[in-house]
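J.: Just dropping this structure here.
The values are calculated or read from the model by the stated rules, or taken from the named source; none is laboratory data. Just so you know, these numbers come straight off a predicted model, no measurement behind them. Virtual Cβ from ideal backbone geometry, glycine too; neighbours counted across all protein chains shown.
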Amino acid sequence: MLSKLNLEHILFLDIETVPEQENFENLSEEMKYLWGDKTKYQRKEEFSPEEFYKRAGIWAEFGKIVCISVGYFVITGTTRSFRTKTFSGKEKQLLIDFKNLIETHFSKQHHLLCAHNGKEFDFPYIARRMIIHTIALPQQLNLFGKKPWEIPHLDTLDLWKFGDYKHYTSLKLMTSILGIPSPKDDIDGSQVRQVFYEEQNLDRIIMYCEKDTVAVAQVLLRLRQEELLEENEIISV
């Protein structure tokens, strides 16, 4: 049962992604063709491959991770805190740093990774980008041969579906309906590409990513019918 999970055994996370190249014209001719072929059903007749390229960050084959924010609970008696940390910079190095954190502190059988829509986006995206960069997958992301109940992943969207697999609820909507206070967002997901490439302001993206990581933890607390984190309990390390 969800209420029986030890919060200190969970690593909460969120990722932000952008197109791997700033502009469509920076792609090789082969990748231009493959991008057009990959997205023809999504684009239909409405957009050319070039016009649609702004959305390339959604696909791990054509995008890249610019930051991974993580958070974890530290509980001592009746005192708790939620520590956040962000890996950013060159993609290969941030993936290596993230992998090192998992293998050092969250690699035991009882440890879990938790994200919102993580099963459909964050977890496979990270794994694919690691493979592309020839980084061996940590056991927490290596799902080959595992039975569904052996996969060490929690997904707050999946928990909210209650078996209704056609249902999608955004993290922003969940925080609103569950009464989770959220500071006014500086940006939203659709603006990350612009902020990264045009404004070159990674700090704004990191702040947005860390807020989402905290929000995932807050949603899990509400699903467990527990008190939400206070602002003074959230610590950036």
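J.: Working carefully through the options Asp158, Asp122, find the one that is among the acidic types (Asp, Glu) and more than 26 Å from Met207 (Cβ to Cβ).
T.: When all the criteria are applied, what remains is Asp158.
J.: Moving to a separate point now. Go through the stretch 11-36 and count every residue that is over 23 Å from Gly189 (Cβ atoms) and either buried (at least 18 other Cβ atoms within 10 Å of the Cβ) or touching a Pro at 6+ places or on another chain (Cβ under 9 Å) (or both).
T.: 3
J.: I would also like to ask the following. Give me the residue from the stretch 121-140 that is assigned to a loop (DSSP other than H, G, I, E, B) and surrounded by fewer than 19 Cβ atoms within 10 Å (Cβ to Cβ) and, out of that set, nearest to the chain's Cα centre (by Cα).
T.: It comes out as Phe121.
The rows are residues; the columns are (1) at pLDDT below 95; (2) crowded, with 18+ Cβ neighbours inside 10 Å; (3) among the aromatic types (Phe, Trp, Tyr).
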site	(1), (2), (3)
Thr79	yes, no, no
Arg83	no, no, no
Thr86	no, yes, no
Gln93	no, no, no
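J.: Which of the residues belonging to the stretch 102-120 are surrounded by 12 or more Cβ atoms within 10 Å (Cβ to Cβ) and in a loop (DSSP other than H, G, I, E, B)?
T.: Of everything in the stretch 102-120, those that are surrounded by 12 or more Cβ atoms within 10 Å (Cβ to Cβ) and in a loop (DSSP other than H, G, I, E, B) turn out to be Phe106, Ser107, His111, His116, Asn117, Gly118, Lys119, Glu120.
J.: Tally up the residues in the stretch 122-155 that are within 18 Å of Leu220 (Cα to Cα) and either in contact with a Ser or Thr (Cβ under 9 Å, 6 or more places away or on another chain) or among the charged types (D, E, K, R) (or both), please.
T.: The number of residues fulfilling the criteria is 2.
J.: Looking only at residues that are without any contact (Cβ under 8 Å) to a residue 24 or more places away in the chain and surrounded by 12 or more Cβ atoms within 10 Å (Cβ to Cβ) in the stretch 43-54, which one is nearest to Asp122 (Cα to Cα)?
T.: Out of the qualifying residues, it is Phe52.
J.: Something else about it: Out of everything in the stretch 177-203 that is assigned to a helix (DSSP H, G or I) and surrounded by fewer than 16 Cβ atoms within 10 Å (Cβ to Cβ), what residue ends up being modelled with the lowest pLDDT?
T.: Among those that are assigned to a helix (DSSP H, G or I) and surrounded by fewer than 16 Cβ atoms within 10 Å (Cβ to Cβ), it is Ser190.
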